[in-house]
Amino acid sequence: MKSAIKQAKKAEMAEEVPIGCVIVKDGKIIARAYNMRQTKRVATAHAEILAIEKACKKIKDWRLDGMEMYVTLEPCAMCAGAIANSRIKKVWFGAYEKKGGGVVSKFNILSESGLNHVTEYEGGLLEEECSAIIKDFFKARRKPSKEQNATNTEQ
């Protein structure tokens, strides 16, 4: 999870929502990614999707059987669907996403018995650290700048 957190911090430096993801095969990281929706201007450029694409390219197969994913935030419904379709064995996530989590908070996509593949998961891994990264990012975005405060007091 520490490697996923490093990816989240890279996202933050790029002014992206700080979500990071890594995919592990046989104990080794084979793919790293972070959120790039703003940079790429693509709605699907979530950390999980980008990491899945990199892992598939690296092993030259769409099946990620036996691999594990570590992601700093509970995957959304789109990402949970991609995780199930890529047959990832287990997902470890940090912070829970109460508004739109696709694993346990809002939807239970990974444990949906109607899918061809059921993915194991565990949430809350380094939850406080993962949650703080995202909360601090949005807190900083919502704070009015000193220039805005000066302009508001002059009016």
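The values are calculated or read from the model by the stated rules, or taken from the named source; none is laboratory data. All of these numbers come straight from a predicted model, not from anything done at the bench. Please note: Cβ atoms are built from the backbone with ideal geometry, for glycine as well, and neighbour counts cover all protein chains shown. Remember, those area values only see protein heavy atoms, side chains included, never the ligands or the DNA or RNA. Shrake-Rupley method; radii C 1.70, N 1.55, O 1.52, S 1.80 Å.
Worth pointing out:
- Ranking of PHE93, PHE138, PHE107 by solvent-accessible surface, largest first: PHE107, PHE138, PHE93 (1.4 Å probe, protein heavy atoms only, all chains present).
- Beta bridges per DSSP, both residues in the chain: antiparallel share near 55 percent.
- Using a cut-off of 30 Å between Cα atoms, the listed pairs LYS58/LYS135; LYS57/LYS139; LYS99/LYS143; LYS58/LYS98; LYS28/LYS143; LYS9/LYS106 include LYS58/LYS135; LYS57/LYS139; LYS58/LYS98; LYS28/LYS143 as exceeding that distance.
- Area accessible to solvent at ILE19, 1.4 Å probe radius, in Å²: 20
- For the options GLY102, GLY124, GLY66, a Gaussian network treatment of the chain with springs between C-alpha atoms closer than 10 Å singles out GLY66 as fluctuating the most.
- Rg/Rg_globular for region 24-84, with Rg_globular taken as 2.2 N^0.38 Å and Rg from C-alpha atoms: 1.08
- Cα centre as origin, Lys/Arg/Asp/Glu Cβ charges: the chain dipole, Debye: 460
- Ordering VAL71, VAL24, VAL118 by accessible surface, largest first, gives VAL118, VAL24, VAL71; the 1.4 Å probe counts only protein heavy atoms, with every chain in place.
- Gyration tensor over alpha-carbon atoms, region 1-130, equivalent ellipsoid semi-axes in Å: 20, 17, 14
- The residues of region 22-102 present an accessible area of 50 Å² per residue when probed at 1.4 Å with all protein chains retained.
- Share of carbon and sulfur in the accessible heavy-atom surface of the chain [1.4 Å probe, %]: 49
- Counting heavy atoms of the protein chains alone, ARG141 has an accessible area of about 130 Å² for a 1.4 Å probe.
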